[in-house]
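Reviewing the structure listed below.
The values are calculated or read from the model by the stated rules, or taken from the named source; none is laboratory data. These figures come from a predicted structure and were not determined experimentally. Heads up, the Cβs are rebuilt from the backbone with ideal geometry, glycines too, and the neighbour counts pull from every protein chain shown.
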Amino acid sequence: MSEHRFPYRWRLADGYPAKGIEHHGCKVFGTFICGGGSTMGYKLAGYDHLGGVEIDPSIAKTYIENHHPAYMFIEDLRKFNERDDLPPELYDLDILDGSPPCSTFSMAGKREKAWGKEKRFKEGQQLQTLDDLVFVYCDTIAKLKPRVCLLENVAGLVHGNARSYCKRIIDRLHECGYKRVQVFVLNAAKMGVPQTRTRAFFIGLRDDLPDVGKLHILADEEIVPFGAIKDKGDNEQTITSDRLSLWKLRQPSDMCYGDIILRTLGEHRRWTETLAHDGLVHPTLTSTPTQYLYSAPPAHQRKRAAADSDISARLQLRREGADHFPHRHERRAGADGAYRVGNLGTMAQAARARQMRRANHPTTKQPNHLTTRDNP
């Protein structure tokens with residue numbers, strides 16, 4: 001393990017680039033740039049980031065406020081590719097960066113079932129097939145001809161049936177004039193970032209440039225556990241009575257509420273409601289209230305939601321030793337208003353199913369939702 005190359009406690013007031021990094025001034029332009037996370041990384045590493053393309057006006061406003069770009073195109077990348085009025089500076093880039101929307105390839109998503117299906121995002125843009133956006137970005141590479149092109153996507157792109165897409169991407173980059181393409185699967189947790197986030201990176205060098213050999217990326221930095229970054233105030237959390245009932249049943253191996261529910265009720269759900277362990281690297285941090293502390297007892301309880309009474313009732317049946325417990329879709333009121341318990345199965349059946357899974361995979365644990373339930 002090596003020391004951290006970048007200060008993970010960096011703040012905007014510290015300025016760019018990061019302490020100890022030379023400002024070399026190589027030029028980068030981005031696509032699908034969102035609020036500017038990748039832009040911050042490039043600027044910390046000494047690059048001049050010129051701006052980018054973003055379809056959502058509200059997100060673009062955040063980017064402009066954060067980075068004051070030289071060039072900003074608030075439009076669909078397809079429209080950008082049709083432009084004939086781009087500034088000359090964009091045809092002289094050192095790096096073109098792009099992270100096309102990737103939910104159709106995510107190990108947490110529908111994968112093959114969603115390939116080729118049209119989807120409309122809440123931003124209101126046109127219907128589009130997400131797996132095609134990768135190739136729309138390849139068209140951008142062919143248009144701008146940067147010295148280096150970088151395409152980032154979920155790690156699921158290089159696994160299973162999606163590997164055929166991976167080969168198509170490499171073939172398309174070859175056609176664009178980038179025959180020297182390397183593919184890396186990197187985990188941010190091993191690169192000084194205090195969260196687990198695994199992604200695939202396609203990096204191509206333009207054909208007319210001198211051969212500089214293979215690119216080697218170091219990913220051996222010491223991990224940053226959640227306990228090292230949480231604020232003192234993080235020892236308190238507001239939680240519903242439903243989640244409190246489940247939280248009390250947690251075990252050290254539980255990484256999310258889905259693990260607790262699978263073990264206690266035999267159901268597959270709530271995998272995205274994570275539990276933060278002080279001694280472990282946390283999964284992707286989000287602004288949504290679906291991340292809970294493993295070690296600190298909840299300080300407050302919100303008003304119980306309708307769904308809370310359902311799960312609390314089933315947990316009570318389990319504590320009373322009932323042979324059968326109702327599934328959330330199996331509980332229904334009878335003519336007298338009393339709830340009837342559906343015959344979903346016994347706890348013993350759920351336990352046997354878990355034993356069979358472990359027997360078939362004796363060297364593996366339950367799925368690591370820190371890395372596979374990633375946010376695209």
Candidates 59, 64, filtered to the one that is farther than 17 Å from residue 141 by Cα and free of Cβ contacts under 8 Å to residues at least 12 places away in the same chain: 64
Output for the range 227-241, where each listed residue is closer than 15 Å to residue 291 by Cα, in a helix (DSSP H, G or I) and either at pLDDT 70 or above or in contact with a Lys or Arg (Cβ under 6 Å, 6 or more places away or on another chain) (or both): 227
Conditions (1) among the acidic types (Asp, Glu); (2) within 25 Å of the chain's Cα centre (by Cα); (3) under 30 Å from residue 147 (Cβ atoms): number failed by residue 207: (2)
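Which helices (runs of 4 or more DSSP H) sit wholly inside the range 8-92 and have at least 3 residues that are in contact with a strand residue (DSSP E or B) (Cβ under 6 Å, 6 or more places away or on another chain)?
37-44
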Given (1) outside the structural domain of residue 294 (by TED's automatic domain parsing); (2) surrounded by 12 or more Cβ atoms within 10 Å (Cβ to Cβ), number of the condition residue 220 does not satisfy: (2)
Any hit, the range 49-65, residues being over 26 Å from residue 285 (Cα atoms) and surrounded by 13 or more Cβ atoms within 10 Å (Cβ to Cβ): yes
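Could you please let me know if residue 176 is in contact with a strand residue (DSSP E or B) (Cβ under 7 Å, 6 or more places away or on another chain) and free of Cβ contacts under 8 Å to residues at least 60 places away in the same chain?
Criteria not met by residue 176.
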Among (1) in contact with a helix residue (DSSP H, G or I) (Cβ under 7 Å, 6 or more places away or on another chain); (2) in contact (Cβ under 8 Å) with a residue 60 or more places away in the chain; (3) in the same structural domain as residue 81 (by TED's automatic domain parsing), the one test that residue 154 misses: (1)
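Can you tell me which residues in the range 47-56 are farther than 19 Å from residue 133 by Cα and either among the β-branched types (Val, Ile, Thr) or modelled with pLDDT under 95 (or both)? Even if it seems obvious, please write down each step before you answer.
Applying the first criterion (farther than 19 Å from residue 133 by Cα) to the range 47-56 yields 47-51.
Hits for the range 47-56: nothing passes.
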Any chance residue 51 is at positive phi and touching a helix residue (DSSP H, G or I) at 6+ places or on another chain (Cβ under 9 Å): yes
Hits in the range 64-90 - residues which are in contact with a Pro (Cβ under 7 Å, 6 or more places away or on another chain) and among the aromatic types (Phe, Trp, Tyr): 71
Residues (under 23 Å from the mean Cα position of the chain (by Cα), buried (at least 18 other Cβ atoms within 10 Å of the Cβ) and acidic (Asp, Glu)) located in the range 231-286: 254, 259, 273
Hits in the range 166-178 (condition: more than 11 Å from residue 200 (Cβ to Cβ) and either in contact with a helix residue (DSSP H, G or I) (Cβ under 9 Å, 6 or more places away or on another chain) or of a type in the set (Gly, Ala, Ser) (or both)): 168, 172, 173, 175, 176, 177, 178
Residue in the range 87-102 that is small (Gly, Ala, Ser), at pLDDT 95 or above and out of contact with any Phe, Trp or Tyr (no Cβ under 6 Å at 6 or more places or on another chain) present: no
